[in-house]
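Each reported figure results from applying straightforward, stated rules to the coordinates on display, with no laboratory input. Worth saying up front: this structure is predicted, and the values here are computed from it rather than measured. With ideal geometry, Cβ positions are generated from the backbone for all residues, glycine too; neighbour counts draw on all protein chains shown.
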Amino acid sequence: MNYPVRQKSFKPPKVLADYPVGTAFPAGHLVETNASWRSHRPVIDAAKCTNCRICWLLCPDGVIHNSTPQGLEIDYDYCKGCGICAKECRQKAIRMENEGV
Amino acid sequence: MIPAQKAFLSGNEAVAAGVRLARPHVIAAYPITPQTTVIERLAEMVEDDSLKAEYLHVESEHSALSACIGASAVGARTFTATSSQGLLYMAECLHYASGGRFPVVMMNANRSLALPWNIYGDQRDSLSLLDCGWIQVYAEDAQESLDLIIHGYAIAEDPHVLTPFMINLDGFLITHTYELLNLPTQEDVDVFLPPFRTVNKMDLDHPMSLAFTAGPAYNQSFKQLQHQAMMSASKVIFETEERFGQLFGRHYPGLIETIHCDDAEFILVTLGSVAGTVRPVVEKLRSLGERVGLVRIRYMRPFPDTEISTALAGAKSVGVLEKDISFGYEGTVFTNVNSALMRAKVLPPRLLNFVGGLGGKDISATDIERLFLRLKSPDDGETVAFI
């Protein structure tokens, strides 16, 4: 994947002096994951996938990436599990698997 | 030093002259009585090329301040002006500007709020927005208005302050009254006020995320920093006035001005143009042997609590005269003064709130004499009196 990855080295501000003046700060850092409420995860069956990219086009969170040589890849750090990709996939190549406990 | 020129200008024209001298890059404004002539003069200056600025004709006050915030966010010096309903219409943007630490300078022509509809002066518009994180100053005349524009940019853009600046002029009483004043030269103002430099801006060489979100864990810290910046403005205001006095020969007294307060028993506290009516009354009563004094509040934010409690420490009876009422309690200036006195444990035997001038109701010298008489008379139990 060549999309931005989470900066695990990010140190959140602790004292007031760590904060920027106003709301301006160097951009481009994903510092937190955002998928904690997902109950079902979409899983792509590579055998059925034709790489038509309808899921990539329709994912409301932009977490399906088509930049890998092996085809489409889902970023589970940010996928909310809405299931739109699975519903829209014309090849029925995406199944929603329960996250379990 | 080239000598300053004399000019006969209204308060609004003085503000426009001050803005031109401050060399803003962007002006965005929407006309409203009694502010209109400020932005008309500025439009003419841009048209005749004597002011090299982008003049944005916007469709509302909300857009006017939004445009200034956007321009400030790329490092431009900005100006807008409004009044009354227009100020309230830009209320949410006032918080955006202060939260984003964009040092916009704005003139507000103090005017009453509807209903009943009225275009004349009182201070309920700006005083109802004391909590929006802007520095608030109240001018007494046209000369002070002009000078405050120049102070305003120096104070607001100071790296320790970076807080927007609102200069309040009483509608018509200052905005439309002509007076002879000293017009500083461009050369002197250029020395006093260097170009705006800030790190808090969009910079293509060093890209930043601007106007971001801060959740519950971090948001309060930003507000704390805003409060610190505003508190540190007091010192910057004092230093700016010192520097201005040295260069221009006009000296300003800081957050408040005191007249005969050292030995005064009866003191009137007020702000804005009505102070000009109180001055000669104080002098007249003094010549008759009455120990009266005047405290003129110039800055409402940051609030001069120590200065006020010091000035009122020896008074027997204090009246706060203001063109404001917080319905259901008292005038907001009175609330602030009262809190300052309580903090300093300075408790004058008598403390009265005079509410007057609402919707432009005249306050005459005779009215002021009556107020001093009332301060001297026995307590009748009333705290808030409409005059």
How far is helix B:332-343 tilted, in degrees, relative to the longest principal axis of the Cα atoms in chain B, given as a value from 0 to 90 rounded to the nearest 10?
70
Pair B:H251, B:E283: separation of 7 Å Cα→Cβ label points (nm):
1.8
Is there a quick way to get the dipole size of the protein assembly as shown? I mean about its Cα centre, with the Cβ of Lys and Arg at +1 and of Asp and Glu at -1; what is the value in debye to the nearest 20?
1640
Once phi for every residue in the stretch B:309-323 is put through the Karplus expression 6.51 cos²θ - 1.76 cosθ + 1.60 (θ = phi - 60°), the whole-Hz ³J(HN,Hα) values, with Gly and Pro written as x, are 5, 5, 5, 9, 4, x, 7, 8, 8, 10, x, 9, 9, 8, 9
Anyone know which of B:N110, B:N12, B:N200 comes out most mobile in the 10 Å Cα GNM of chain B?
B:N200
Note down the net charge around B:A53, summing +1 for each Lys or Arg and -1 for each Asp or Glu among other residues with Cβ under 13 Å from its Cβ.
0
Going from the fewest other Cβ atoms within 10 Å to the most, one would list B:F79, B:F212, B:F172 as B:F212, B:F172, B:F79
Under the Cβ-under-4.7 Å rule, which cysteines of the protein assembly as shown stay unpaired?
A:C49, A:C52, A:C59, A:C79, A:C82, A:C89, B:C68, B:C93, B:C132, B:C261
Non-local amide H neighbours of A:L30 (under 5 Å, H modeled in plane, Pro and chain starts lacking H): which ones?
A:Q7
Given charges at Cβ of Lys, Arg, Asp, Glu: the protein assembly as shown dipole, positive-most of B:T163, B:V189, B:G359
B:T163
Read phi for every residue in the stretch B:103-113 and hand back ³J(HN,Hα) as whole Hz from Karplus 6.51 cos²θ - 1.76 cosθ + 1.60, θ = phi - 60°, with x for Gly and Pro.
x, 5, 10, 9, 9, 10, 8, 4, 8, 5, 10
In whole angstrom, and with the biggest value first, how far do the Cα coordinates of the stretch B:5-248 range along each principal axis?
53, 47, 34
Given H placed on each backbone N at 1.01 Å, which residues far from B:S83 in sequence or on other chains put an amide H within less than 5 Å of it?
B:A109
For the protein assembly as shown, what does the helix formula give at 222 nm: sum of -39500 (n - 2.57) over DSSP H segments with n ≥ 4, over the residue count, nearest 500 deg cm²/dmol?
-10000 deg cm²/dmol
Rough spin-label spacing in nm, given labels placed 7 Å along Cα→Cβ, for B:T335 and B:D203
4.1
Roughly how many debye, to the nearest 20, is the charge dipole of the stretch B:256-386 about its Cα centre, given +1 on each Lys and Arg Cβ, -1 on each Asp and Glu Cβ, and no other charges?
120
For the stretch B:226-333, averaging the sequence separation of alpha carbon pairs under 8 Å that lie six or more residues apart and dividing by its residue count, the contact order in percent is 30
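Working from the alpha-carbon coordinates of chain A, get Rg over Rh, Rh being the Kirkwood radius. Each step should come with its number before you reach the end.
On the way: Rg = 17.0 Å, Rh = 15.6 Å.
Radius of gyration relative to Kirkwood radius: 1.09.
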Give the order of A:D61, B:D324, B:D131 when sorted by the count of other beta carbons within 10 angstrom, beginning with the fewest.
B:D131, A:D61, B:D324
Starting from the amide H of B:F354, placed 1.01 Å from N in the peptide plane, find each other amide H under 5 Å away whose residue is 5 or more places distant or on another chain.
B:V320, B:L321, B:E322, B:A385
Among B:S112, B:V46, B:Q228, pick out the residue whose Cα is farthest towards the positive end of the charge dipole of the protein assembly as shown, where Lys and Arg carry +1 and Asp and Glu carry -1 on C-beta, about the Cα centre.
B:Q228
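Which value, in Å³ per residue, describes the convex hull spanned by the Cα atoms of the protein assembly as shown? If you can, show how the numbers build up before the last one.
On the way: hull volume 101.0 nm³, N = 488.
It is 207 Å³ per residue.
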Read phi for every residue in the stretch A:39-46 and hand back ³J(HN,Hα) as whole Hz from Karplus 6.51 cos²θ - 1.76 cosθ + 1.60, θ = phi - 60°, with x for Gly and Pro.
9, 10, 10, x, 10, 8, 8, 4
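How would you rank B:Y120, B:Y178, going from fewest to most other Cβ atoms within 10 Å of each one's own Cβ? Please report the intermediate quantities before stating the final value.
Values: B:Y120 20, B:Y178 13.
Lowest count first: B:Y178, B:Y120.
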Treat every Asp and Glu Cβ in chain B as -1 and every Lys and Arg Cβ as +1, leave all other atoms uncharged, and give the resulting dipole magnitude about the Cα centre to the nearest 20 debye.
720
Give me the one-decimal nm value for the distance between modelled label points at A:D18 and A:N66, 7 Å along each residue's Cα-to-Cβ direction.
4.1
Between the residues B:I27, B:L129, B:H176, the Cα farthest towards the positive end of the dipole of the stretch B:5-248, that dipole coming from +1 and -1 charges on the beta-carbon of Lys, Arg, Asp and Glu, is from B:L129
